[in-house]
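What follows is a set of notes on a single structure, which appears directly below.
The values are calculated or read from the model by the stated rules, or taken from the named source; none is laboratory data. As the structure is a prediction and not an experimental result, all values here were calculated from the model. As a convention, Cβ positions derive from the backbone with ideal geometry for all residues, glycine included, and neighbour counts pool all protein chains shown.
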Amino acid sequence: MKEGKARETIARAEKAASLLRNDILTEAFESLEADFIEAWKQSPVNDSQNRERLYMLCQNLQAVRAYLEKIVTDGKLANSQLEELQNRQKFEKRI
(Lines give C-alpha, C1' and ligand atoms only; values in the text may rest on other atoms or scores of the structure.)
Protein backbone atom coordinates (compact mmCIF):
# COMPACT_ATOMS: atom_id res chain seq x y z
CA MET A 1 0.00 0.00 0.00
CA LYS A 2 1.29 3.44 -0.91
CA GLU A 3 1.88 5.94 1.88
CA GLY A 4 -0.83 8.36 0.69
CA LYS A 5 -3.45 5.62 0.41
CA ALA A 6 -2.49 4.29 3.84
CA ARG A 7 -2.87 7.72 5.41
CA GLU A 8 -6.26 8.14 3.73
CA THR A 9 -7.39 4.74 5.05
CA ILE A 10 -6.17 5.63 8.55
CA ALA A 11 -8.06 8.94 8.46
CA ARG A 12 -11.26 7.15 7.38
CA ALA A 13 -10.77 4.64 10.19
CA GLU A 14 -10.46 7.44 12.74
CA LYS A 15 -13.74 8.94 11.50
CA ALA A 16 -15.49 5.56 11.60
CA ALA A 17 -14.14 4.83 15.09
CA SER A 18 -15.41 8.23 16.21
CA LEU A 19 -18.87 7.35 14.91
CA LEU A 20 -18.82 4.00 16.69
CA ARG A 21 -17.89 5.75 19.94
CA ASN A 22 -20.57 8.42 19.49
CA ASP A 23 -23.16 8.06 22.26
CA ILE A 24 -26.04 9.33 20.13
CA LEU A 25 -25.30 6.97 17.25
CA THR A 26 -24.82 4.03 19.61
CA GLU A 27 -28.11 4.88 21.30
CA ALA A 28 -29.83 5.13 17.92
CA PHE A 29 -28.60 1.70 16.84
CA GLU A 30 -29.64 0.11 20.14
CA SER A 31 -33.01 1.85 20.25
CA LEU A 32 -33.90 1.03 16.66
CA GLU A 33 -32.87 -2.59 17.03
CA ALA A 34 -34.92 -2.92 20.23
CA ASP A 35 -37.91 -1.25 18.55
CA PHE A 36 -37.69 -3.55 15.54
CA ILE A 37 -37.42 -6.67 17.70
CA GLU A 38 -40.32 -5.58 19.89
CA ALA A 39 -42.47 -4.86 16.82
CA TRP A 40 -41.56 -8.30 15.48
CA LYS A 41 -42.59 -9.95 18.76
CA GLN A 42 -45.88 -8.06 18.79
CA SER A 43 -46.72 -8.77 15.15
CA PRO A 44 -49.75 -10.94 14.39
CA VAL A 45 -49.07 -14.53 13.40
CA ASN A 46 -50.47 -13.98 9.92
CA ASP A 47 -48.32 -10.87 9.23
CA SER A 48 -45.24 -12.55 7.78
CA GLN A 49 -44.63 -9.69 5.35
CA ASN A 50 -44.21 -7.21 8.20
CA ARG A 51 -41.94 -9.61 10.11
CA GLU A 52 -39.76 -9.98 7.01
CA ARG A 53 -39.53 -6.19 6.75
CA LEU A 54 -38.56 -5.91 10.42
CA TYR A 55 -35.97 -8.66 9.96
CA MET A 56 -34.46 -6.77 7.02
CA LEU A 57 -34.35 -3.56 9.06
CA CYS A 58 -32.39 -5.38 11.78
CA GLN A 59 -30.06 -6.85 9.14
CA ASN A 60 -29.52 -3.39 7.66
CA LEU A 61 -28.59 -1.95 11.05
CA GLN A 62 -26.07 -4.74 11.53
CA ALA A 63 -24.70 -4.15 8.03
CA VAL A 64 -24.09 -0.46 8.72
CA ARG A 65 -22.35 -1.26 12.00
CA ALA A 66 -20.26 -3.99 10.33
CA TYR A 67 -19.27 -1.59 7.54
CA LEU A 68 -18.00 0.96 10.06
CA GLU A 69 -16.14 -1.75 11.98
CA LYS A 70 -14.51 -2.94 8.75
CA ILE A 71 -13.28 0.57 8.03
CA VAL A 72 -11.72 0.67 11.51
CA THR A 73 -10.07 -2.72 10.95
CA ASP A 74 -8.77 -1.62 7.55
CA GLY A 75 -7.30 1.47 9.22
CA LYS A 76 -5.45 -0.65 11.78
CA LEU A 77 -4.01 -2.74 8.98
CA ALA A 78 -3.05 0.37 7.01
CA ASN A 79 -1.38 1.81 10.11
CA SER A 80 0.71 -1.35 10.48
CA GLN A 81 1.66 -1.24 6.82
CA LEU A 82 2.57 2.44 7.06
CA GLU A 83 4.77 1.77 10.09
CA GLU A 84 6.46 -1.07 8.21
CA LEU A 85 7.03 1.17 5.20
CA GLN A 86 8.49 3.93 7.39
CA ASN A 87 10.76 1.47 9.19
CA ARG A 88 11.96 0.10 5.85
CA GLN A 89 12.69 3.63 4.61
CA LYS A 90 14.68 4.39 7.79
CA PHE A 91 16.64 1.18 7.36
CA GLU A 92 17.42 1.94 3.71
CA LYS A 93 18.68 5.42 4.64
CA ARG A 94 21.17 3.86 7.03
CA ILE A 95 22.63 1.70 4.30
Which one of Ala78, Ala66 is exposed (fewer than 14 other Cβ atoms within 10 Å of the Cβ) and of a type in the set (A, V, I, L, M, F, W, C)?
-> Ala66
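Is the range 45-64 home to any residue that is over 18 Å from Met1 (Cβ atoms) and acidic (Asp, Glu)? Walk me through it before giving the result.
Kept after step one, since they are over 18 Å from Met1 (Cβ atoms), are these residues of the range 45-64: 45-64.
Next cut, acidic (Asp, Glu) only: 47, 52.
Within the range 45-64, one or more residues are over 18 Å from Met1 (Cβ atoms) and acidic (Asp, Glu).
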Considering Leu32, Leu85, which residue is part of a helix (DSSP H, G or I), of a type outside the set (S, T, N, Q), surrounded by 11 or more Cβ atoms within 10 Å (Cβ to Cβ) and touching a residue at least 40 places away in the same chain (Cβ under 8 Å)?
-> Leu85
Do we have any residue at all in the range 29-44 that's closer than 25 Å to Lys76 by Cβ and touching a helix residue (DSSP H, G or I) at 6+ places or on another chain (Cβ under 9 Å)?
-> yes
Starting from the range 3-15, keep only residues that are under 14 Å from Gln81 (Cβ atoms) and part of a helix (DSSP H, G or I), then list their pairs with residues that are modelled with pLDDT of 95 or more and of a type in the set (Ser, Thr, Tyr) whose Cβ atoms are within a distance under 9 Å, requiring at least 6 positions of separation or different chains.
-> Ala13/Thr73
